[in-house]
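This report refers to the structure that appears directly beneath it.
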Amino acid sequence: SECINVVLLGCGMDALGVWSKHYLSQDSLHQSGASDNDEDSEAPPPTPKVKVYEFDAWDNCILKRQALVNSGLLQEFFSFESASCNGREHQGTDCQTNAYNDDIKSTSDNSLCIISKGQIALEDIGSNKHQNEDDYFLVALDLRETCPSPSDGGNDDAIRQKSILSHAIHKVGLDTSQPTIVLSELVLAYLGYDGANAIMHAVAKDVLCGNEYSMFSCLEPVFPSESSGHSDSQRRDDGRTRILSVKESYSRDYRQQFLGKLQQGNSKYSSPPNTNANADPSSSWLHPLGSDSLSIQKRLEHCGFSPSNICYTTLGKAAANVAGIRRKSNAPKFLRAKEPFDEHVALALNLNCYGVVCAFSPNLLRTNPMDKSDCWRRDICPWISMNDDAASAVQIHPIASLLDDNHVRNLYGKIYIHLYDEYPAIRKM
C-alpha cells in the first residue's frame with residue numbers, strides 16, 4: 001500500500017503514534033540492508049507512508065501539541081493558533097486561512113477542532129521524499145458527543161446515535177481505502193455505554209469496510225455484572241447460595257477500587273445519567289466493555305463488527321502468550337519478578353480484569369486455512385490457536401483438603417529453606 005493510517009482514540013501524551021512511524025522506518029532500513037548484503041534477494045518493497053491521526057479532548061491536545069513542537073518531533077504546517085492569528089490580521093484576504101478558520105470552533109459547543117497538522121520529524125525533513133506533506137493530524141473533540149442518525153436497517157436499528165468521530169474522520173481527510181489500524185486503550189470505558197457504542201459503530205462502518213487489512217484493537221476493563229453485589233456470595237436461581245471464586249471476588253473488588261479513584265476528582269463533566277432504574281448509581285462513571293467473552297462478542301456484533309472477524313482474550317492470556325514466545329526465542333526475559341513469589345498470582349488476577357479485542361475488516365477473505373490473510377490474523381492474535389492449558393503462565397488451583405494443605409507446607413519447608421534468612425516473607429509463608 002502507498003499509505004498506512006494509524007488512528008489513536010484518546011491519545012493523551014502517548015508516543016505510540018510517533019513510535020509507529022519510527023518502527024516502520026527502522027524496519028524498512030533493516031530490510032534494505034539485508035537486501036544489499038544478499039545479491040540474490042529481491043529488492044524490498046518501497047516503504048509505505050504512515051499517517052498518524054490522534055483524537056482527544058481539547059486540553060490534552062493542547063499539551064500534546066506543545067510537547068511535540070517543543071521537542072522538535074513535529075514540524076508544523078498548520079496550527080489552530082496560527083490560523084486564528086492570520087484570520088485576525090488578514091481577514092478576508094486569504095481563502096486558505098478562511099477555510100482553516102472554519103475548523104476553529106468553540107469547545108463549549110462540543111465541536112471538533114483541528115489543533116495541528118504537520119510532519120513527524122524522525123529524520124532530516126529536507127531529505128524526505130514526502131517533504132511538506134502532512135502525516136500527523138491532532139484533532140480535539142469530545143468523543144462522547146453524538147447526534148441523531150437515521151437507521152439503515154439490519155443490526156443498525158439499535159444504533160440511534162452517530163458518533164462525532166464519523167464527522168471528524170471526514171473532516172480531517174482520512175483515506176479509509178488504505179489499511180487503517182484504530183487503537184483505543186482504556187478510553188471506551190469513560191465514554192458512557194451509548195457513546196462507546198457509537199464510537200465502535202463508526203469504526204466498524206466508516207473505517208474497517210474501506211480496506212481488507214484494516215483493523216480495530218482495544219484494551220478495556222472487563223468486570224463482572226453489577227448484579228454481583230458487594231458480598232462474597234451470590235443467590236442462585238434455585239435459591240441456593242453460590243460462593244464467588246477468587247477471580248470473581250478480585251474482579252469485583254478491583255472494580256470498586258477503580259470507581260473510587262474516578263470519584264476522587266471534582267470535574268463538572270460526566271457521562272449522561274443512566275436511565276435504567278435498576279442500575280448501580282456509580283454506573284455512569286465507568287462502563288466496562290463487558291463481563292465476559294460472550295457479552296463482549298454480542299456487544300461488538302451489535303455495533304456492526306463481523307462475528308467471524310472478532311478476536312477476544314483477557315490481557316492475562318495475551319501477556320502469558322507473549323512471555324511464552326519470548327522464552328522460546330531466547331529473547332530478554334518478560335515479566336521478571338524482583339524477588340521470589342513477587343505477587344505473581346495478584347498480577348494474573350489483575351491482568352484478567354482487562355480484555356484485548358482485535359476486530360478485522362469484514363472484507364478480509366479467509367476461504368483457505370493457509371491463506372495469507374489468515375496467517376496475518378494469527379500473527380497479530382497468536383492466542384487464537386492456543387489451547388487453554390498453554391494460554392496461562394500462572395495456574396491457580398484451590399487448596400481443597402488437608403492433604404493439599406500439607407503438600408503446600410512441605411513444598412515450602414523442603415525446597416525453599418535456603419532462602420529463609422534472605423527473604424523473611426518466604427519463611428513466614
Among the residues of region 203-249, what is the count of those that are at pLDDT 75 or above, assigned to a helix (DSSP H, G or I), under 16 Å from Gly290 (Cα atoms) and not basic (Lys, Arg)? 1
Find all pairs meeting these conditions: Cβ atoms under 8 angstrom apart; at least six residues apart or on different chains; first residue within region 209-225 and within 30 Å of Ser249 (Cα to Cα); second residue of a type in the set (Asp, Glu) and not in a strand (DSSP E or B). Val222/Asp292; Pro224/Glu248
Result of the Cβ filter at 9 Å on region 411-429, keeping first residues that are surrounded by fewer than 11 Cβ atoms within 10 Å (Cβ to Cβ) and partners that are part of a helix (DSSP H, G or I), at least 6 apart or interchain, is Asp421/Arg427
Extreme residue, surrounded by the most Cβ atoms within 10 Å (Cβ to Cβ), among residues of region 289-328 that are under 16 Å from Ile199 (Cα atoms) and touching an Asp or Glu at 6+ places or on another chain (Cβ under 7 Å): Leu289
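Taking region 3-17 on its own, how many of its residues are surrounded by 20 or more Cβ atoms within 10 Å (Cβ to Cβ) and in a loop (DSSP other than H, G, I, E, B)?
First pass over region 3-17, keeping only residues surrounded by 20 or more Cβ atoms within 10 Å (Cβ to Cβ): 4-11, 17.
Next cut, in a loop (DSSP other than H, G, I, E, B) only: 10-11.
Of the residues in that region, 2 qualify.
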Inside region 45-64, the number of residues satisfying the requirement of being open to solvent by 30 Å² or more (accessible area, probe 1.4 Å) and at pLDDT 90 or above is 7
Checked against (1) surrounded by 16 or more Cβ atoms within 10 Å (Cβ to Cβ); (2) modelled with pLDDT of 90 or more; (3) in contact with a strand residue (DSSP E or B) (Cβ under 7 Å, 6 or more places away or on another chain), Ser166 satisfies every condition except (3)
Applying the selection to region 347-381, what residues are aliphatic (A, V, I, L, M), surrounded by fewer than 18 Cβ atoms within 10 Å (Cβ to Cβ) and at pLDDT below 85? Leu347, Leu365, Met370
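The values are calculated or read from the model by the stated rules, or taken from the named source; none is laboratory data. Predicted model only: the values in this text are computed from it and were never measured. Here Cβ is always computed from backbone atoms with ideal geometry, including for glycine, and neighbour counts include all displayed protein chains. Protein only, heavy atoms only, side chains kept; ligands, DNA and RNA dropped before computing areas. Shrake-Rupley method; radii C 1.70, N 1.55, O 1.52, S 1.80 Å.
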